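Just below is one structure, and these are the notes that go with it.
Since every read-out is calculated from the coordinates, none of them should be taken as a lab result. Predicted model only: the values in this text are computed from it and were never measured. Here the Cβ positions follow ideal geometry from the backbone for every residue, glycine too, while neighbour counts run over all protein chains shown.
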There are 2 protein chains.
Amino acid sequence: MEAFRFEIRYKDRDSWARLGKITTAHGEIDTPAFMPIGTQGTVKTFEAGELEELGAEIILGNTYHLYLRPGSEVIESCGGLHRFISWKRPLLTDSGGFQFYSLKVLNKINDEGIEFQSHIDGSRHSFPPERAIKIQHQLGADIIMALDECPPYEAGQSYVAVATERTVRWAKRCLSEHRNLSEGKRSPALFGILQGGVYPELRRSCAEALLSYDFPGHAIGGLAVGEPIEATFEILPVCTECLPGEKPRYLMGVGTPRDIVEAVAAGVDLFDCVLPTRNARNGTVFTRRGKMVIKGASYARDPAPIEEECGCLACRRYSRAYVRHLLSVGEILGLRLTSWHNLYFYLQLMQQIREAISEGRFASWKKSFLESYQEREETEG
Amino acid sequence: MEAFRFEIRYKDRDSWARLGKITTAHGEIDTPAFMPIGTQGTVKTFEAGELEELGAEIILGNTYHLYLRPGSEVIESCGGLHRFISWKRPLLTDSGGFQFYSLKVLNKINDEGIEFQSHIDGSRHSFPPERAIKIQHQLGADIIMALDECPPYEAGQSYVAVATERTVRWAKRCLSEHRNLSEGKRSPALFGILQGGVYPELRRSCAEALLSYDFPGHAIGGLAVGEPIEATFEILPVCTECLPGEKPRYLMGVGTPRDIVEAVAAGVDLFDCVLPTRNARNGTVFTRRGKMVIKGASYARDPAPIEEECGCLACRRYSRAYVRHLLSVGEILGLRLTSWHNLYFYLQLMQQIREAISEGRFASWKKSFLESYQEREETEG
């Protein structure tokens, strides 16, 4: 019994972009959508009511982090992740596969599964695919992910081939465990993950295998893992083309505003990325003309808001001078204001993308956005 | 031209407690009032709109910190502290006198003034009383403080006598500089500061001298500087009695909920204290039955809010288990929720005090509050 549904409402004539709607037991998500990352059960600096106010329709939790702290059993005993973090809208959890690489906690990987050491206390844990699914069922998100192996770009083609085949074998085991756990219950939607690095044949053979399992949606993994950006955008259309058009496509961990706009044009529906919140904490904010290092000394007496035409809380009430001061002296409000602005920027960007697609002017909107955004970033770079 | 006015609306029959209202150019303050501390131009973790929502009618800025960062000239060039931090309600600044001791940055003190080294970069600064006033005029708060010397309790009677006499001489110089700077302008209200430690004769002679300068209000300094709590509450009625009843009395840096209730009974109108926000950051919350260490492991699966009957944002939406998790993993939202709860608690406490005074039942309210509050604190202590 899956509450999950995806419908496409409008297809762009000039690209593979599409406007859609995902329905889950916790509500609807207009796509293309950006999912703010709530790593440890909170989108850093935000209170859940603020995310609602910002219009976030879905947020993401990291299984690896939540499994370690507070523990998936604690969350289950508190009524599941929605209730634990007091978030009533849709939730997605990843499988942990990416963190094992990004945090460099991997001990051993073989067909059995993954063994890793906690980055917190060094304790050892084994994570067969079945466990990744069981933990995600305990957390109880609306969309969950199969366990994948996500090697870095430098692993090279022959290793990526091994990892991709393993990902396919694990996908089957994840699906089987998912079906066992779902019997007679309202169950989450399990997405398969496409691996294959920058190699078209590997992507195509992986997709072919995944399609036979009939997942309700697919994630594109193994990008933004160290490859040159040109390679990302060369392989991305191959990925979207070999995944079925009637199911949502989720590009994991991407990316900059420009990356997102390009990926939408290639047919991607869902995104997540740490950039808006991580940049905020480093004192960098996004504007329609590019990034801006707000903690720079040149803003010390600047009475203007971060971005003149922006309607976010930070820009409606506070000056660059004040934001810069708060960041300089390490005050939490500084992080809150830059995070608010950046997340507002990303969510507005998605809103503009959806409007442009629905009004049949995505190509011209994209051109004008990229011209304006690029200009400033190059000036600053 | 002072916009400052104080009127007493109700006097308690059983104590020296009174209900009052202070009027300033930026609005009114119902007294007895608690002033949240915005050390560096922000009440830690809060956005200004949230403080309005919580009902804070006045907040405090620290001259020492703002002078060093971003600098009083920067704030002046941004239109003053109200505009810089986007706070439209009343503001009070201290003189810096207390920080020189509490941060141990004092180099030299003599009749000329204070010399200190920045706790940030070790730079040397000299602070004659006139400068403390000039900087506060640049910041532009509604209520400002004369520079005082605030020796610790262990300094002993003979040194406290020296410091108290110096405080009186400085008060005169502060007043004179204040009048120069105020000519023809809307000016803040300058409060004199009563020193004299735990010594009744020193308090009385200091008060007598201050009264001759006709300050619009007085602060009681030199308490909560290391003396036993019994000594504080023995000297406090001496202080309030020798300060004129028709002017507001501000007890600096005090205190716990119990201290505040007792001090209101002794005739104090204004309070500031770091306790609600500092305790919040250490994982301790205030409840009507006493303090509670919310980061304790016993709350790991507790679905109840911090305090059952509390109406604050944290208690309306989140569980102890979630707050405890956030604090354990170092997430900002944890600090925000405990700070919100604690400041709400303090502001509600003042609201209850004002209601009890106005309804002629302060004595019985005080008895019942202290019985309930004490019980739990002793159990835990």
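Test of understanding: express the Cα radius of gyration of the protein assembly as shown as a ratio to 2.2 N^0.38 Å, with N the residue count.
Normalised by 2.2 N^0.38 Å, the Cα Rg of the protein assembly as shown equals 1.11.
Assign unit charges at the C-beta atoms only (+1 for Lys and Arg, -1 for Asp and Glu), then state the dipole size of chain A relative to its Cα centre in Debye, rounded to the nearest 20.
Taking the Cα centre of chain A as origin, the dipole is about 680 debye.
Note down the magnitude of the dipole of the stretch A:280-380 about its Cα centre, charges +1 on Lys and Arg C-beta and -1 on Asp and Glu C-beta and zero elsewhere, to the nearest 20 debye.
240
Hey, what did the stretch B:1-152 get for relative contact order, percent, Cα under 8 Å, at least 6 apart?
So the answer I get is 20 percent.
For the rotation taking B to A, I'd like to know which residue in chain B has the C-beta closest to the axis, plus that distance in Å.
In chain B, the Cβ lying nearest the symmetry axis toward A is B:ILE332, 3.
Would you kindly work out, in nm and rounded to one decimal, the distances from the label point of A:ALA231 to those of the same position in each other copy, ordered shortest first, with label points 7 Å along Cα-to-Cβ?
Relative to the other copies, A:ALA231 has label-point distances of 7.1 nm.
How much of the DSSP beta bridge set in the stretch B:211-343 is antiparallel, as a percent to the nearest 5?
45
Given chain B, what percent of its DSSP beta bridges are antiparallel, to the nearest 5?
Working: 23 of 43 bridges.
Here the share of antiparallel DSSP bridges comes out near 55 percent.
Restricting attention to the stretch A:171-255, which trypsin sites (Lys or Arg not before Pro) occupy a DSSP loop and are surrounded by at most 11 other Cβ atoms within 10 Å? Walk me through the intermediate numbers first.
On the way: sites: A:LYS172, A:ARG173, A:ARG179, A:LYS185, A:ARG186, A:ARG203, A:ARG204, A:ARG249; in loops: A:LYS185, A:ARG186.
Sparse-neighbourhood loop trypsin sites (Lys or Arg not before Pro): A:LYS185, A:ARG186.
Every other copy gets compared here: list the nm distances from the A:GLN352 label point (7 Å along Cα to Cβ) to its counterparts, shortest first, one decimal.
5.1
Scan chain B and hand back the longest stretch that contains none of the GluC sites (Glu not before Pro) lying in DSSP loops with at most 15 other Cβ atoms within 10 Å.
Here the longest segment lacking exposed loop sites spans B:1-111.
If one computes the Cα centroid of the stretch B:118-135 and of the stretch B:198-250, what distance in Å separates the two points?
Each part's Cα centre sits 26 Å from the other's.
Give the angle, between 0 and 90 degrees and rounded to the nearest 10, that separates the Cα long axis of helix A:200-211 from the longest principal axis of the Cα atoms of chain A.
That works out to roughly 60 degrees.
With an 8 Å Cα cut-off and a minimum separation of 6 or more residues, compute the relative contact order for the stretch A:96-148 in percent.
Contact order relative to length: 27 percent.
Taking the Cα centre of the stretch A:189-239 as the origin and placing charges on Cβ (Lys, Arg +1; Asp, Glu -1), which of A:PRO200, A:ALA231, A:LEU211 is farthest toward the positive end of the dipole?
Towards the positive end, the residue furthest out is A:LEU211.
Compute the helix-to-body angle for B:229-242: its Cα long axis versus the longest principal axis of chain B, expressed 0 to 90° and rounded to tens.
The angle comes out near 50 degrees.
Taking amide H atoms as placed 1.01 Å from N in the peptide plane, list the residues 5 or more away in sequence, or in a different chain, whose amide H sits under 5 Å from that of A:GLY61.
Distant-sequence amide H within range of A:GLY61: A:GLY38, A:LEU92, A:THR93, A:ASP94.
Nearest 10 degrees, 0 to 90: what angle lies between the long axis of helix A:362-380 and the longest principal axis of chain A (Cα atoms)?
Here the helix axis deviates by roughly 70 degrees.
What net charge do the residues around A:CYS239 carry, taking every other residue with its C-beta under 11 Å from that of A:CYS239, with Lys and Arg at +1 and Asp and Glu at -1?
Net charge in that neighbourhood comes out at +1.
Output the antiparallel fraction of DSSP beta bridges having both residues in the stretch A:103-247, as a percent to the nearest 5.
55
For peptide B:79-86, compute the average count of partner chain beta-carbon atoms within 10 Å of each residue's beta-carbon. Display every interim value, and only then the final one.
Numbers: counts 3, 0, 0, 0, 4, 7, 7, 5.
Per residue, the average neighbour count from other chains is 3.
For n ≥ 4 DSSP H runs only, could you compute -39500 (n - 2.57) per run for chain B, divide by its residues and tell me the 222 nm figure to the nearest 500?
After summing the helix terms and dividing by residue count, I get -13500 deg cm²/dmol.
So for chain B, taking the charge dipole from beta-carbon charges (+1 Lys/Arg, -1 Asp/Glu), which of B:GLY360, B:GLN157, B:THR284 sits furthest toward the positive end?
After comparing all options, I get B:THR284.
Please work out the C-alpha center-to-center distance from the stretch B:65-84 to the stretch A:31-64 and express it in whole Å.
35
Choose one answer from B:GLY49, B:GLY80, B:GLY255: the residue with the largest mean-square fluctuation in a GNM of chain B with alpha-carbon springs under 10 Å.
Of B:GLY49, B:GLY80, B:GLY255, the Gaussian network model singles out B:GLY49 as fluctuating most.
About the Cα centre of the protein assembly as shown, what is the dipole size in debye to 20, counting +1 per Lys and Arg Cβ and -1 per Asp and Glu Cβ, all else neutral?
280
What does the structure give for A:41-50 when I average, per residue, the other chain Cβ atoms found within 10 Å of the residue Cβ?
Mean shielding count: 5.
Do you know the relative contact order of chain B, to the nearest whole percent, from alpha carbon pairs under 8 angstrom that are 6+ apart?
16
Would you look at the GNM of chain A, springs on alpha carbons closer than 10 Å, and say which of A:LEU60, A:LEU370, A:LEU92 moves the most?
A:LEU370
Identify, among B:VAL74, B:LEU19, B:THR42, the residue whose Cα sits farthest towards the positive end of the charge dipole of the stretch B:1-104, taking +1 on the Cβ of Lys and Arg and -1 on the Cβ of Asp and Glu, with the dipole about the Cα centre.
Checking the options against the dipole of the stretch B:1-104, the answer is B:LEU19.
List the distances, in nm to one decimal, from the label point of B:ASN107 to the label points of the same position in every other copy, shortest first, placing each label point 7 Å from Cα along the Cα-to-Cβ direction.
Those separations, rounded to one decimal, come out as 5.7 nm.
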